[in-house]
Amino acid sequence: MSSSFNLFRAPALALALGGTLSLAGCAPAISTQEEVQVGAQNAAQISQQLPIVQDAAINQYVNQIGTSISSRADPRGIPYHFFVVNSSVVNAFSIPGGYVYVNRGLVDRASNASELAGVLGHEIGHVVERHGIEQWQRAQNANTGLALLYGVLLGRNPGTLEQVGIQAVGSGVLARYSRDDERQADADGVQFTMRAGYNPNGMVTFFQKLLGEQQGNPSALQQWFSTHPLTQERITSTRQMVSAIPAAQLRGLTTDTQAFQNFKARVRSLPAPPRGQ
Ligand SMILES: [Zn+2]
């Protein structure tokens, strides 16, 4: 958190929040309604900053698989929204209020539906556990929240906002989770993907694949690793969670679907990502 933050646009957020949050001192706990409002406003900003895929079939599938998980995961019943970003960088992230983003580069590396489901389950876990919004609120209590959020979502240097784009979001402070947050999101991911009928081992195989690739090709996975500290120890403990599930229960779960393979092929056929993405 040593970077300079973008104070440039902070007043816009203060207005957008409608004065519901105190800007100094101890803010009251953020309600679900306020969280959803913060999420919606920032999702609108993200849609201007990142090359969000507009293809109807792609959006339909990512929302179908995502909602099949989130609707069984978040007891608050808030609607979730899932997006594919036309970027070859491997990344996925979520923001408070139920907005989840997966990059094309990540879809490309998922071999089956359960691997994508595992990533989505993990990201949904961060939202359900309120990791992002609580981090944001803690920062706000230190009276830096607005700058922090804007540093995260809009880039750290107002002069180069457009260029910063995806890097700003992907490596943002808001999404820089602690190891404890990661472990909790992994545990949630296992449970949530199972509830939706997907084999939770997909999360293990996918994260293992990313860790392996990171060792050979660190730059391609830099964003993912900077926001989601991923270690062999985390993967091992997730594998242990999956091993503890009765085999009979795992056998009934889905590893892959034709719908996923169709989705993946369609993502692969998209026009090349914009320059720099
Ligand atoms: Zn994470």
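Every number in this text was worked out from the coordinates using simple rules, so none of it is lab data. What you are looking at is a predicted structure, and each value in this text was computed from that prediction instead of being measured. All Cβ positions, even for glycine, are placed from backbone atoms using ideal geometry, and neighbour counts span all protein chains on display.
Some notes on this structure:
- Annotation: the antiparallel percentage among DSSP beta bridges lying fully within the stretch 44-114 is about 50.
- Here the extension length gained between Asp108 and Thr257 equals 52.1 nm, from 0.36 nm per residue of separation less the Cα-Cα distance.
- Of every Cα-Cα pair in the stretch 72-111, the percent that sits beyond 12 Å: 59 percent
- Sites matching trypsin sites (Lys or Arg not before Pro) across the stretch 192-277 that sit in DSSP coil, with at most 14 neighbouring C-beta atoms within 10 Å: Arg275
- Treating r as the C-beta distance of Ala247 and Asn59 and R0 as 41 Å, the FRET efficiency rounds to 0.70.
- Highest-first packing order for the peptide set 53-62, 97-106, 241-250 is 97-106, 53-62, 241-250, based on the mean count of other beta carbon atoms within 10 Å.
- Here the peptides 216-229, 33-46 are ranked by packing, the mean other Cβ count within 10 Å, and the order with the highest first is 33-46, 216-229.
- Equivalent ellipsoid dimensions for the stretch 214-256 as semi-axes, Å, which come from the Cα gyration tensor, largest first: 29, 13, 8
- Kirkwood hydrodynamic radius of the stretch 176-250, from inverse mean 1/r over distinct Cα pairs, in Å: 12.9 Å
- Gained length - Arg76 relative to Thr32, 0.36 nm times residue gap less alpha-carbon distance: 15.1 nm
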